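Worksheet: the structure to be examined is printed underneath.
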Amino acid sequence: MSINWETTTKEKFGQLLEKVPVFLRAMAREKVAKKAEAIVTQEGRVQVTEKDLVDAFFVETPFGFHGPMKTDMEALGIDYTKYGHAR
């Protein structure tokens with residue numbers, strides 16, 4: 001089964017990655033993409049949504065960096081609180 005990404009979700013993924021320090025970016029890209037696709041596969045779906053992206057970032061980002069990550073999400077208009085993540 002082939003996994004695809006919603007166009008806007010893929011764009012937001014790229015924009016969030018631009019905010020990750022350059023020396024961590026490749027690792028973040030791989031870990032977050034794999035996690036988002038694993039969530040989709042586990043739920044028997046074929047498309048990565050914004051919720052999957054947000055959930056994957058929260059799982060794969062060390063807790064100490066959640067503050068800056070949340071700020072970056074807010075700057076891009078991503079409301080992570082609607083997916084169950086606290087402010």
- Task: Could you work out how far apart the two model spin labels at residue 45 and residue 75 are, taking each label as a point 7 Å from the Cα in the direction of the beta carbon, and quote it in nm?
- Result: 2.7
- Final fewest-first order of 24, 17 on the 10 Å Cβ neighbour count is 24, 17
- Query: Roughly how big is the chain's charge dipole about its Cα centre, with Cβ charges of +1 (Lys, Arg) and -1 (Asp, Glu), in debye to the nearest 20?
  - Reply: 140
- Net charge (Lys, Arg +1; Asp, Glu -1) of residues whose beta-carbon lies under 13 Å from that of residue 21, residue 21 excluded, is +1
- Note on the structure: Here the Cα Rg-to-2.2 N^0.38 Å ratio for region 4-76 is 1.03
- Note on the structure: One finds, for residue 2 and residue 87 with R0 = 35 angstrom and r their Cβ-Cβ distance, a FRET efficiency to the nearest 0.05 of 0.50
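Read-outs throughout are calculated quantities, based only on the coordinates presented, and are distinct from any laboratory measurement. Because the structure is predicted, anything quoted here is derived from the model rather than measured. Reconstructed Cβ throughout: ideal geometry from the backbone, glycine too, with neighbour counts over all protein chains shown.
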